[in-house]
């Protein structure tokens, strides 16, 4: 039997992702503080002993990925700020 030729439903447009907590953190916090955000967590993970070490290693990997993502966001913010200041002088 051939597939039925029902008209396909129009694709629903997904809302743009919004992360207000991250946005406010990046806008309101100096870059050095954002970069040092995970330092206490990393120090605590380094002190784990016994059976929690394996879980700690997984958490350290996750923290490293989160740090990389935040670093990209901070660098982007700094670049955009620098570009906006540079654009004002060119007019």
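Nothing in this text is a laboratory measurement; each read-out follows from the coordinates by a stated rule. Nothing here was measured: the structure is a model prediction, and the numbers come from that model. Neighbour counts are summed over all protein chains in view; Cβ atoms, including those assigned to glycine, are modelled from backbone coordinates with ideal geometry.
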Query raised in the report: Could you put 45, 14 in order, starting from the residue whose Cβ has the fewest other Cβ atoms within 10 Å?
Result: 14, 45
Query raised in the report: Which distance in nm do the two modelled labels at residue 83 and residue 49 give, with both placed 7 Å along the Cα-to-Cβ direction?
Result: 5.1
**Report entry** segment 9-62: C-alpha gyration tensor shape, a/c 1.5 cut-off, then a/b vs b/c
**Finding:** oblate
